[in-house]
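Engineer: Before anything else, here's the structure in question.
The values are calculated or read from the model by the stated rules, or taken from the named source; none is laboratory data. Please read these numbers as outputs of a predicted model, since none were measured by experiment. Cβ placement follows ideal geometry from the backbone for every residue including glycine, while neighbour counts extend to all protein chains displayed.
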C-alpha cells in the first residue's frame, strides 16, 4: 500500500476527480527579498523601482485578462479582476512608497512590511472566507517582488511532455489563480491535476480549479517533502487524498474507477441533446 497524504479535494461534477501520473515538483515560490537601508539621495530610485514593478504586474494581469478564452468560466475573469483591484489598492501601492521615504529602506523591505500589516488585518477577521483573502494579497505581492527582482512576474515553469507518455501531477507549495489559469493552457503536456500545501475550500484557487475541471488537492501539508520528483501518484480529489507509489492492486482499482467515470460521463453526454419529458409528455428543462 502506498503512502497517503490528506487534504481538501477539489473536483468538478462534470469531470473526473481522479488523476494518475508522475509527480513534478514546482520550485517553492517564497517571498525572499533583500533588506537594506538606502541613502536619502537614493529614495527616488527605490520609489521608481516600486512603480516599475507595479506597472509590470499590472500589464501582465491585463494581458492575461485580455487573452481569456470566451468560453472560460466567469470565475476566471473575476479572479483576475480581483487581483488587479488588490494591486491598485492604496494600502499596497502607496503606503510602501511612503515607507521608503520615511524609513529610508529599500523597495522590497517596504513592500514586505506593508504586506504583513494588511494580512494581519485580514487574518483577524472571524469570517473564514475573508481570512483567506490574505492569501490573495500575498499572491499579488509575490508577483510584485518577483518583478522587483527579475523585471517580470513569471509564473512557475512547467515541464515538457514526458517521453513515456505518462501524465503529470504538479506538486507545489501554492498556486495563485493566475498560475492555475496558465495550467489550462498546458493540457498538451499531459497535465492531470495538481496538489498544493496551502489553500482551503473557499480559496480562489479551489473555486477556479473546480471551474476548469482540474482535479486538485489543497492544504496537503508536507507534500513537497513527502513526494519525490517522478514518483507515481494517485490524486483522489473525491476522497481528499494523494497516494504516493501505490501498489499494483491500488493502481488497478483506481484505473478501473477512472474508466467507469469516463463511461458514465460519455453516457451523460449522449443524453445531453435529448428533451426531458414527464411520463404524461410534458417537456421539462433541466
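Engineer: Run residue 85 past the list (1) outside any helix (DSSP H, G or I); (2) over 16 Å from residue 111 (Cβ atoms) and report the number of the one that doesn't hold.
Structural biologist: Of (1) outside any helix (DSSP H, G or I); (2) over 16 Å from residue 111 (Cβ atoms), only one is false for residue 85: (1).
Engineer: Does residue 205 satisfy the criteria of being under 26 Å from the mean Cα position of the chain (by Cα), free of Cβ contacts under 8 Å to residues at least 40 places away in the same chain and within 19 Å of residue 26 (Cβ to Cβ)? Even if it seems obvious, please write down each step before you answer.
Structural biologist: Working: under 26 Å from the mean Cα position of the chain (by Cα): yes; free of Cβ contacts under 8 Å to residues at least 40 places away in the same chain: yes; within 19 Å of residue 26 (Cβ to Cβ): yes.
Yes, satisfied.
Engineer: If we scan segment 29-49, do we find a residue that is under 26 Å from the mean Cα position of the chain (by Cα), at pLDDT 90 or above and surrounded by 15 or more Cβ atoms within 10 Å (Cβ to Cβ)?
Structural biologist: No - not one qualifying residue is present in segment 29-49.
Engineer: Right, another one. Which one of the conditions (1) modelled with pLDDT under 80; (2) closer than 16 Å to residue 173 by Cβ does residue 217 fail to meet, given that it meets all the rest?
Structural biologist: Tallying (1) modelled with pLDDT under 80; (2) closer than 16 Å to residue 173 by Cβ, residue 217 fails exactly one: (1).
Engineer: What is the residue count in segment 1-28 for residues that are closer than 30 Å to residue 263 by Cβ and at pLDDT below 80?
Structural biologist: Residues that pass the stated criteria total 7.
Engineer: With respect to residue 111, determine if the residue is part of a helix (DSSP H, G or I) and over 20 Å from residue 208 (Cβ atoms).
Structural biologist: On the way: part of a helix (DSSP H, G or I): yes; over 20 Å from residue 208 (Cβ atoms): yes.
Considered against the rule, which asks whether it is part of a helix (DSSP H, G or I) and over 20 Å from residue 208 (Cβ atoms), residue 111 comes out as yes.
Engineer: Tell me the residue from 276, 237, 220 that is touching a strand residue (DSSP E or B) at 6+ places or on another chain (Cβ under 9 Å) and without any contact (Cβ under 8 Å) to a residue 24 or more places away in the chain, please. Give the derivation first.
Structural biologist: Values: 237 fails: without any contact (Cβ under 8 Å) to a residue 24 or more places away in the chain; 220 fails: without any contact (Cβ under 8 Å) to a residue 24 or more places away in the chain.
Going through 276, 237, 220 in turn, the sole match is 276.
Engineer: Follow-up question, since we're still on this one. Could you say whether any residue in segment 142-159 is modelled with pLDDT of 80 or more, in a helix (DSSP H, G or I) and under 15 Å from the mean Cα position of the chain (by Cα)? Let's see the steps before the verdict.
Structural biologist: Our first condition is that a residue be modelled with pLDDT of 80 or more; within segment 142-159, this holds for 142-149.
With in a helix (DSSP H, G or I) added as a condition, the list becomes 142-149.
From what's left, under 15 Å from the mean Cα position of the chain (by Cα): 142-143.
Looking through segment 142-159, at least one residue is modelled with pLDDT of 80 or more, in a helix (DSSP H, G or I) and under 15 Å from the mean Cα position of the chain (by Cα).
Engineer: In segment 50-73, how many residues are at pLDDT 90 or above and over 21 Å from residue 179 (Cβ atoms)?
Structural biologist: 3
Engineer: Still on this model: For segment 212-283, give me every one of the strands (runs of 3 or more DSSP E) that falls completely inside it and has 2 or more residues that are in contact with a helix residue (DSSP H, G or I) (Cβ under 7 Å, 6 or more places away or on another chain).
Structural biologist: Values: elements: 216-218, 232-236, 241-244.
Output list reads 216-218, 241-244.
Engineer: Here is a follow-up. Among the candidates 168, 82, 175, single out the residue that is under 19 Å from residue 191 (Cβ atoms), at pLDDT 80 or above and out of contact with any helix residue (DSSP H, G or I) (no Cβ under 6 Å at 6 or more places or on another chain).
Structural biologist: 168
Engineer: In segment 198-208, is there at least one residue being under 19 Å from residue 21 (Cβ atoms) and out of contact with any strand residue (DSSP E or B) (no Cβ under 6 Å at 6 or more places or on another chain)? Outline the logic, then answer.
Structural biologist: Let us first name the residues in segment 198-208 that are under 19 Å from residue 21 (Cβ atoms), namely none.
No: zero hits.
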